[in-house]
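Chemist: First, the structure itself, so that you have it in front of you.
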Amino acid sequence: GENVEQHPSTLSVQEGDSAVIKCTYSDSASNYFPWYKQELGKRPQLIIDIRSNVGEKKDQRIAVTLNKTAKHFSLHITETQPEDSAVYFCAAPWAGNQFYFGTGTSLTVIP
Amino acid sequence: EPEVTQTPSHQVTQMGQEVILRCVPISNHLYFYWYRQILGQKVEFLVSFYNNEISEKSEIFDDQFSVERPDGSNFTLKIRSTKLEDSAMYFCASYGYGGGFTDTQYFGPGTRLTVL
C-alpha cells in the first residue's frame, strides 16, 4: 500500500506564528491529497485538499503545497489561533481509491 | 449540508461476540469506506466498496470482517468474533465522483467499539 510519512509528530507554536506540517508519499500515481483536522473524540474533518494538477491551494489562513516530483505535500497554517490546536492528518490514495493516512501531527497553539 | 451518519455511537461487547456497525453514506455518493482508529493512533484503511462489491481491502480486513450494502442507503461492517484488539473507533466515509480524480471523503462521526 501507500507509504505516507508525516512530520513532525508534535508541534507547538505561539499564537500568531505559522505552522508547517509535511507529508511524503510513495505512489507516483496518487492524484489527490487531503488534509484533515481531528479534535479529540471527533471525526476527521477535511480542511483543505489539492489535486495533482496544481502546485498550491489557499483558503484563508490555510494553504497546501504539492511537489509531485519529490512526492511531498505540506500544510501551512498562518496566524495560528488557539482553536487551531488539534491533530492534523494528511492522506494519499493508493491504487485509486485506498486512502492511507499519515501518523498525525499534534499541533498546540500557545496563547 | 448532507452528512454521513453512523450508529451506534458506542458499542460495548464481549469478546467473541458478533457486532454490526451501521453507516448511512451521503445519498449520491458511490464509494464507501470503513476505517479504524485505535485510541491515539492514526486512521487506518480497512476496506473500500464500490458498485456493490469490495474494491480494495487492507491486511487488517481479515476473514472476521465483512461489509454489506443491504439496501439503497445502509452500509454495514460486521465483525464476526470480536477480539480485545478490535477495540477502536470505526469511521465510515463516502465520496462521489471526482471527474477522474480521487475525491473528497466525508467521514461519519464514528462508532466507538469496546470489546471486554
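The values are calculated or read from the model by the stated rules, or taken from the named source; none is laboratory data. For clarity, every value in this text was computed on a predicted model and none was experimentally measured. Neighbour counts run over all protein chains shown; Cβ positions are idealised from the backbone, glycine included. Keep in mind that these areas ignore ligands, DNA and RNA; they rest on the heavy atoms of the full protein, side chains included. Shrake-Rupley method; radii C 1.70, N 1.55, O 1.52, S 1.80 Å.
Chemist: Answer rounded, prolate or oblate for the stretch B:18-83, using the Cα gyration tensor with square roots of eigenvalues a ≥ b ≥ c: rounded when a/c is under 1.5, else prolate when a/b is larger than b/c, else oblate.
Modeler: Prolate, because a/c is 1.5 or more and a/b exceeds b/c.
Chemist: Total accessible area buried between chains A and B, 1.4 Å probe, in Å² to the nearest 100?
Modeler: Answer for the A-B pair: about 2100 Å² buried.
Chemist: Give a residue-ordered list of calculated ³J(HN,Hα) values for the stretch B:14-21 (Karplus: 6.51 cos²θ - 1.76 cosθ + 1.60, θ = phi - 60°; whole Hz; x for Gly, Pro).
Modeler: Karplus-based 3J(HN,Hα) across the stretch B:14-21 equals 8, 3, x, 7, 8, 10, 10, 9 Hz.
Chemist: Which Cα, out of A:Ile48, A:Pro93, A:Thr10, lies furthest along the positive dipole direction of chain A (beta carbon charges, K/R +1, D/E -1)?
Modeler: Checked the options; the winner is A:Pro93.
Chemist: Moving to a separate point now. What does the accessible area per residue of the protein assembly as shown come to in Å², with a 1.4 Å probe and no ligands, DNA or RNA counted?
Modeler: Here the residues of the protein assembly as shown average 48 Å² of exposed surface.
Chemist: What size of dipole, in debye to the nearest 20, comes out for chain A about its Cα centre when the only charges are +1 on Lys and Arg C-beta atoms and -1 on Asp and Glu C-beta atoms?
Modeler: 300 debye
Chemist: Here is a follow-up. Select from B:Thr13, B:Thr76, B:Thr104 the residue whose mean-square fluctuation is largest in a Gaussian network model of chain B (Cα-Cα springs shorter than 10 Å).
Modeler: Maximum among the listed residues: B:Thr104.
Chemist: Taking every pair of alpha-carbon atoms in chain B, what share in percent sits in each 5 Å bin, from 0 to the bin with the longest distance?
Modeler: 2, 12, 23, 26, 20, 10, 4, 1, 0
Chemist: Threshold 20 Å², probe 1.4 Å: give the residues of the stretch A:58-97, in number order, that are less accessible with all protein chains present than with their chain alone.
Modeler: A:Phe89, A:Gly96, A:Asn97
Chemist: Run the simple label-point estimate for B:Gln14 and B:Leu39 please: 7 Å along Cα→C-beta, distance reported in nm.
Modeler: With each label placed 7 Å out from Cα toward Cβ, I get 2.3 nm.
Chemist: Heavy atoms only, probe 1.4 Å: what % of the accessible area of the protein assembly as shown goes to carbon and sulfur, would you let me know?
Modeler: Here carbon and sulfur together make up 47 percent of the probe-accessible area.
Chemist: Another one. When the Karplus curve 6.51 cos²θ - 1.76 cosθ + 1.60 is applied with θ = phi - 60°, which whole-Hz ³J(HN,Hα) does each residue of the stretch A:82-94 get, with x for Gly and Pro?
Modeler: Coupling constants for the stretch A:82-94: x, 6, 7, 4, 4, 9, 10, 10, 9, 8, 9, x, 9 Hz.
Chemist: Could you sort out which of A:Lys42/B:Lys57; A:Lys42/B:Lys42; A:Lys42/B:Lys83; A:Lys22/B:Lys42; A:Lys37/B:Lys78; A:Lys57/B:Lys42 sit more than 19 Å apart by Cα distance in this structure?
Modeler: A:Lys42/B:Lys57; A:Lys42/B:Lys83; A:Lys37/B:Lys78; A:Lys57/B:Lys42
Chemist: For chain A, build the convex hull from the C-alpha positions and give me its volume per residue in Å³. Write down the numbers at each step before the final one.
Modeler: Details: hull volume 10.1 nm³, N = 111.
Value for chain A: 91 Å³ per residue.
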